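K.L.:
Let me begin by handing over the structure; questions about it come next.
The values are calculated or read from the model by the stated rules, or taken from the named source; none is laboratory data. Keep in mind the model is a prediction, meaning the values are calculated, not measured. Every residue, glycine among them, receives a Cβ derived from its backbone with ideal geometry; neighbour counts consider all protein chains shown. With ligands, DNA and RNA removed, areas are computed over all heavy atoms of the protein, side chains included. Shrake-Rupley method; radii C 1.70, N 1.55, O 1.52, S 1.80 Å.
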Amino acid sequence: MRILLIEDDEILTSVLVSALQQQRYSVDTVDDGRFGLEYAQSGSYDLLLIDVGLPRLDGISLCQQLRNEGNKTPILLMTAKDAPDEKIRGLDAGADDYLTKPLDIGELQARLRALLRRGEVSPTTVLEIGQLRLDPVSCDVSYADQPLKLTPKEYSLLELFLRNPTRVFSRGHIIEHLWTFDDPPLEDSVKAHIKGLRRRLKKAGAEGWIENVYGMGYKLSPKIDYEAIAKQQSSTEEPQPLAQKQSTSVSSTEQNSVEQEFQQAMAGLWQQHRGAMAERMDYLKQAQAALNQNTLSEDLRMAAAQASHKLAGVLGMFGQEEGTQIARRLEGMLTEKQPADDFKTISVMIAQLEGVLAAAEEDLGSARESRAIAPNATVTLLAVDDDPVFLSTLPPLLAPWGMSVTLLSDPQKFWETLTATNPDLLILDIEMPVLNGIELCQAIRSDDRDQGRWQSLPILFLTARENAAGDVFSAGADDYVVKPVVGPELITRISNRLERTRLLKTLSSRDAQTGLANQAQSQQELQQWMSAQQAYTFVLLKLVNLAEVNLVHGHSMGYQMLRSWGDRITIHLNERQLKDRRMPGAIASYWGNGEFVLGLPGLTVVEAEEAIAPLLKTFRQLIFTPATSSDTESKQALSAQAPSQRLQAQRLQVQRLQVQRFQAQYAVGLSHFPQQAATLMALYQKAHAAMTATPNIQPDGLAFKEK
C-alpha cells in the first residue's frame, strides 16, 4: 500500500516513515501543504496522512480542496491541538479520521488499517481467501497454516491482490500502488516480483493463484480446495464453503468477462483487417514467385520487405508471437541487396508465416461480432502510424484504462490533427512514407508556434526496429517500445510517462520561494483568458523594500517575507473561493523582484479592490524580526548574570529587538481587460503606472519602534 505523508516536522517524519515501512507501506513524504496538494493530485495513493499545521497550505484547507476536486482517497489528519472545534472542522472538510499528537504508533497503525479496509474487500482485520491468510497487524502470511516467507515487495503485491480480489492490475497500476517517486522500479521489476511471489505460493501449495490476463495485466485467481478446508475446521465451527464458493465464482465471472471482452474485441479487429493481412501475404508470395524465376524487381522486393515489417508489428498483438519473429527475420533478408542467395530459406519462412496466419484465422476469424469497450476517457492520446491494422489495435487495449486514442495514418495531416486533439501524449512509428517518425519528432521539439507549446509534449515511439534507441532518443523522444506491443508494458510506459510529466510540469510551473505560479505559467494562463475574451482585473502587488531587507538583514530574511506573502495570498484566495463563484479561477503568481500578480476573473477594478482589501490588511499586520548571530551568545550571557542584572539586560534586549522589527512596504496597482488594455504588456504597464502614482507605503521607513 502506498501512503503520502505530509508533515513539516523532520523528526516526526523520520519516526513515522520508519514505523510505516515496518508495516510494509511505501511512503512518499512532503513538508508543506502546497507540494502535498500537487503530489496528491499527481500520484496514486491508498491513504493520505496529513498534519493540520502545515506551511503555505494548512491540512484542513488541503483536505477540503482535495474533496472539492472529487478525490476520494482516505485521509487521516494529525494535530498538536486537542480542540473539539478543530476536529469538527477537519471532519467536515472531508477527513476520514483524526489523531492528536503526541501520536501513539500502535493506535496510528490500527487506524490506518481500518481506513485501508474500506475498499473492495470486506472490512475484516485479516485478509483471507481459502487457505491463504494475510494478517496486516503482524505482517504474517500463511497457506494451509504453514508460514510463507515473502520479501517486502512480494508481501505488498499479495496484500494488493487480496484487498482487491475482483480487479485486474496492469504493471502501471502496480507501480503506482507499491513504488514511491524516490524509488522508481527498474524495467522488469514488476515482472520479477510477480514471478517470485508465484514461486513462493507454488512451493506452499497455492499453484496458479496469480494469472496473466493477456493485454491487461495480472489477476488473483484462487484455486480453493474446500474439502481440505472443511477437514481443518474444528467441530465447533460452522464451515461456510458454499458462501466462499459463491463469492469466488462471482469474482471469477467478473474477471473472465473482462478477458472475454478483450478477446472479442481483438477477434472483431481481425475480422475487420483480415483482407489487409491477406494483401500483405500476397506481396510475399509474389516476391517468392519472382525469386523462383530470378525476376525480382527492386520495387517488388521493397514492397515485400514493407509487408513483412507491418506483419511483424501486428501479429504479436493478436497472440501470434511466432509470426512476429518470422516476419522480422524475413524483413531483414528481403532488405538485403541479394535475397536470391537465400531463396530456399525465404520460401520456407513465407510458408511458415502463411501457417501462422491460418492459425490466427482459426482462433480469431470465427467471431462474428465484438462488443465495444466503453471508454471512460481521462487521458487523450494521438497515435500516428501508416499501418491501419496496428492503429486499430490500440483503442480496445487502452480504453479500459481511461485512455482515449485518436488514430492518424497520414503523417501529412499531423499538425492540424495535433492542434485539434490537444493530446496528453503522442505515439509515433518510425517507418512512415513522406515524413518518418524521427523527422516528425525533431520538428515537434524545435517548433516555436504558440510559444513552443508542443516542445514538451511526451513522445513515445512504437517501432518494429529493435535497435532504435539511439535514433529515437537523439530526436527527442521520451521512450520507445518494440513491436509487437504487449498490453501491460505499453500501459505501464504510458502511465509512468504521464504521471512523471504531470508532476514535473506542476513543479516547473511553481515559484520555489513563494509556492505560487511562476511568471511563465501565469502569463500563459492570462493570455488564454485574453484569447477567450474573458474579462478580468490585473492586480500588481509590489514588495517595495525587498532589496533593502536583503541588504540590511540578508537574503534569508527576504526569503521569509516572500514566503509569508505567498502563504497569505494562497489562504486569502482559498477563503474567497468559498464566497464568490467567480474566484475559483483566480490566478496568483510571483514574477520576481518583489512583484506579485493576481488575475481576478469576472471582477471590475472596484470589485477587485474590495476583494483584496482583507489581503492588504494582513500584509500590514505582518511584523518581521531578524535573527542575529549574537542572539545565542546573549542568551548564554544572560544565564550567567545575577537575577537583577538579568532582568535589566532582558529589557534592553527586548527594546533592541523592537527597534529592529519591521513591516513589509508595498504598493498596489490595478488594470482591467478589456476596458483599459488589450495586451498583457499593456495591462502590466497600466497597473505599474497606477501603483507608482498612488503608492501605499508605510511612512516610517524600513524599521519602526513598537509603542
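K.L.:
Kindly provide the set of residues from region 155-174 that are open to solvent by less than 10 Å² (accessible area, probe 1.4 Å) and closer than 18 Å to P400 by Cβ, ordered by number.
P.N.:
Listed by number, the residues that qualify are F169, S170, G172, I174.
Each row is one residue, and each column tells you yes or no for (1) within 20 Å of I175 (Cβ to Cβ); (2) at pLDDT below 85; (3) aliphatic (A, V, I, L, M).
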{"residue": "M1", "(1), (2), (3)": "yes, yes, yes"}
{"residue": "V27", "(1), (2), (3)": "yes, no, yes"}
{"residue": "G43", "(1), (2), (3)": "yes, yes, no"}
{"residue": "V52", "(1), (2), (3)": "no, no, yes"}
{"residue": "S61", "(1), (2), (3)": "no, no, no"}
{"residue": "R67", "(1), (2), (3)": "no, no, no"}
{"residue": "K81", "(1), (2), (3)": "no, yes, no"}
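K.L.:
Identify the residue in region 383-408 that is farther than 25 Å from F169 by Cα and among the hydrophobic types (A, V, I, L, M, F, W, C) and, among all such residues, is farthest from the chain's Cα centre (by Cα). Steps first, answer last, please.
P.N.:
The first filter runs over region 383-408 and keeps only residues farther than 25 Å from F169 by Cα, leaving 384-389, 407-408.
Subsequent filtering for residues that are among the hydrophobic types (A, V, I, L, M, F, W, C) retains 384, 389, 407-408.
Working: V384: 24, V389: 30, L407: 24, L408: 26 Å.
Per the stated criteria, the residue is V389.
K.L.:
When you look at R497, is it among the charged types (D, E, K, R) and touching a helix residue (DSSP H, G or I) at 6+ places or on another chain (Cβ under 8 Å), yes or no? Working first, answer last.
P.N.:
On the way: among the charged types (D, E, K, R): yes; touching a helix residue (DSSP H, G or I) at 6+ places or on another chain (Cβ under 8 Å): no.
Criteria not met by R497.
K.L.:
Pull up region 138-152, narrow it to residues that are open to solvent by less than 90 Å² (accessible area, probe 1.4 Å) and assigned to a loop (DSSP other than H, G, I, E, B), then point me to the one that is farthest from G205 (Cα to Cα).
P.N.:
So, considering only residues that are open to solvent by less than 90 Å² (accessible area, probe 1.4 Å) and assigned to a loop (DSSP other than H, G, I, E, B), the one farthest from G205 (Cα to Cα) is S138.
K.L.:
Does any residue of region 480-489 turn out to be closer than 30 Å to Q325 by Cα, crowded, with 16+ Cβ neighbours inside 10 Å and aromatic (F, W, Y)?
P.N.:
Our first condition is that a residue be closer than 30 Å to Q325 by Cα; within region 480-489, this holds for 480-489.
Cutting the leftovers down to crowded, with 16+ Cβ neighbours inside 10 Å gives us 480-489.
Next, only the ones that are aromatic (F, W, Y) stay: 480.
Yes; the residues of region 480-489 include at least one that is closer than 30 Å to Q325 by Cα, crowded, with 16+ Cβ neighbours inside 10 Å and aromatic (F, W, Y).
K.L.:
Testing E176 on (1) modelled with pLDDT under 85; (2) farther than 18 Å from G43 by Cα, one condition comes back false. Which one is that?
P.N.:
Unmet for E176, out of (1) modelled with pLDDT under 85; (2) farther than 18 Å from G43 by Cα: (2).
K.L.:
Right, another one. Kindly list, by first and then second residue, each pair from a residue in region 276-302 that is open to solvent by 90 Å² or more (accessible area, probe 1.4 Å) to a residue that is in a helix (DSSP H, G or I) and hydroxyl-bearing (S, T, Y), limited to pairs with Cβ atoms under 8 Å and residues at least 6 apart or on different chains.
P.N.:
N292/S347
K.L.:
Run E548 past the list (1) at pLDDT 90 or above; (2) open to solvent by 30 Å² or more (accessible area, probe 1.4 Å); (3) under 13 Å from Q665 (Cβ atoms) and report the number of the one that doesn't hold.
P.N.:
Here E548 meets the rest and fails (1).
K.L.:
Check region 326-334 and report whether any residue there is of a type in the set (K, R), modelled with pLDDT under 85 and farther than 24 Å from V472 by Cβ. Show your work before the answer.
P.N.:
Narrowing region 326-334 to residues of a type in the set (K, R): 328-329.
After this cut, where a residue has to be modelled with pLDDT under 85 as well, the list is 328-329.
Add one more test, that the residue is farther than 24 Å from V472 by Cβ, and what stays is none.
No - not one qualifying residue is present in region 326-334.
K.L.:
Another question, if that's okay. Give me the residue from region 446-466 that is free of Cβ contacts under 8 Å to residues at least 12 places away in the same chain and of a type in the set (K, R) and, out of that set, surrounded by the fewest Cβ atoms within 10 Å (Cβ to Cβ).
P.N.:
So in region 446-466, the residues free of Cβ contacts under 8 Å to residues at least 12 places away in the same chain come out as 446-450, 452-453, 455.
Those left that are additionally of a type in the set (K, R): 449, 453.
Details: R449: 10, R453: 14.
Among them, the one singled out is R449.
K.L.:
Out of all the residues in region 462-498, which are over 23 Å from I174 (Cα atoms) and either in contact with a Ser or Thr (Cβ under 6 Å, 6 or more places away or on another chain) or not in a loop (DSSP other than H, G, I, E, B) (or both)?
P.N.:
Once the filter is applied, which keeps residues that are over 23 Å from I174 (Cα atoms) and either in contact with a Ser or Thr (Cβ under 6 Å, 6 or more places away or on another chain) or not in a loop (DSSP other than H, G, I, E, B) (or both), region 462-498 yields T463, A469, G470, D471, V472, F473, S474, A475.
K.L.:
Report whether or not T124 is surrounded by fewer than 16 Cβ atoms within 10 Å (Cβ to Cβ) and either at pLDDT below 80 or polar (S, T, N, Q) (or both).
P.N.:
Numbers: surrounded by fewer than 16 Cβ atoms within 10 Å (Cβ to Cβ): yes; either at pLDDT below 80 or polar (S, T, N, Q) (or both): yes.
Answer is yes for this residue.
K.L.:
Ok, one more. Sort out which residues of region 35-57 are acidic (D, E) and open to solvent by 20 Å² or more (accessible area, probe 1.4 Å), and write them in order of number. Walk me through it before giving the result.
P.N.:
First, the residues of region 35-57 that are acidic (D, E): 38, 46, 51.
The one that is acidic (D, E) and open to solvent by 20 Å² or more (accessible area, probe 1.4 Å): D46.
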